[in-house]
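In what follows, a single structure is set out as structure tokens and then discussed.
The values are calculated or read from the model by the stated rules, or taken from the named source; none is laboratory data. No experiment lies behind these values; they were computed from the predicted model shown. Here the Cβ positions follow ideal geometry from the backbone for every residue, glycine too, while neighbour counts run over all protein chains shown. All accessible areas refer to the heavy atoms of the entire protein, side chains included, with ligands and DNA or RNA removed. Shrake-Rupley method; radii C 1.70, N 1.55, O 1.52, S 1.80 Å.
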Amino acid sequence: MEEISVFFEKSKGLIGFITSVGLFIVGFILNYRARRIQSLMVFKEFREPLIKFANDTIDVISELEGLCECNPKILEQDFFNKYNSLFTKVSSLRDKGRLIIPNNFPEKYGSYKAEAYQGFRHEVLDCLTAAYYLAASINFSSEGHNKQPIKIKPDELLLLQKFDSKSDEFKSLKQIEKIKQGLDKLPDDYPFDGYKGIGWSSKTAIIETKRQFVSKIQEVIQTRSYGQKLIQLSEQKA
């Protein structure tokens, strides 16, 4: 017993060190597990509104796609009413998206702006911005290029100012310009000559937008790192 007492007496420092290291490791593991649980809880909390947002957006974009198949000259006021309703919904969804999908790197860009507009827009919201411009491209007075593809030639767009704003040439080029503006807002590259090289219409551009939106929103919904990002943002604000 005396030998044991002597051993412990001589080993006090070592035992204290080992105990401290052990407590540190246990604390680290517990903290790590707590953060993982917190991240998972936040992810689950926001997953439901994310899925609802995704479903609402897909529905509206699909309706815009279907509207391009209709003839404005036949439906007249009904076409415009439907167009106006969908355009308003796209605009609303674009702003609602900012409430559940925060911008990237808010500390690096736009510090002078309102909080919701600081940083770089998430790719999901890039798709909504593209949809906004493409909704605006839909011709509600004639079929135009709503569903009829045409190759986009940037040089031709420079001729806009040469035509009377009421002329068919002006309206055609203006619609093409809006289609290009929408496509340029997409997060991923798109084939400049359109599907199978036949050009773009409002409809085919809207279909491409929906394809990219589904891809980007799926990445957000299925990854838990989204929950961790929300925690980090809330800690920074605190």
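Can you sort I51, I100 by 1.4 Å-probe accessible area, starting with the largest?
Largest accessible area first, the list is I51, I100.
All other residues with a Cβ under 15 Å from the Cβ of C70 taken together, and with Lys, Arg as +1 and Asp, Glu as -1, what is their net charge?
Computed value for this residue: -2.
Largest first, how would S141, S172 line up by accessible area (1.4 Å probe)?
Descending accessible area places them as S141, S172.
For a test of understanding, tell me how many lysine pairs in segment 43-147 have Cα atoms under 18 Å apart, given they are 8 or more places apart or on different chains. Walk me through the intermediate numbers first.
Working: K44/K52; K52/K89; K52/K96; K73/K82; K73/K147; K82/K147; K96/K113.
Count of close lysine pairs: 7.
Using the Karplus curve 6.51 cos²θ - 1.76 cosθ + 1.60 with θ = phi - 60°, work out ³J(HN,Hα) for each residue of segment 211-221 in order, rounded to whole Hz, and write x for Gly and Pro.
4, 5, 4, 4, 5, 6, 6, 5, 4, 5, 5
As a test of reading the structure, rank R98, R47, R211 by solvent-accessible area (1.4 Å probe, protein chains only), most first.
Correct descending sequence by accessible area is R211, R47, R98.
Need one value: the accessible area of K52 in square angstrom, 1.4 angstrom probe, rounded to the nearest 10.
K52 exposes around 120 Å² with every protein chain in place.
Residues with amide H under 5 Å of W200's amide H, sequence separation 5 or more or different chain, H placed in the peptide plane at 1.01 Å from N; which?
Amide H to amide H, under 5 Å and 5 or more residues apart or across chains, W200 pairs with I150, K151, I152.
If you average the alpha carbon positions of segment 125-146 and of segment 41-100, how far apart do those two centres end up, in angstrom?
Centre-to-centre distance over Cα atoms comes out at 12 Å.
Give me the percent of the accessible area of segment 57-174 that comes from carbon and sulfur atoms, probe 1.4 Å, all protein chains in place.
Taking all protein chains in place, segment 57-174 shows 52 percent carbon and sulfur surface.
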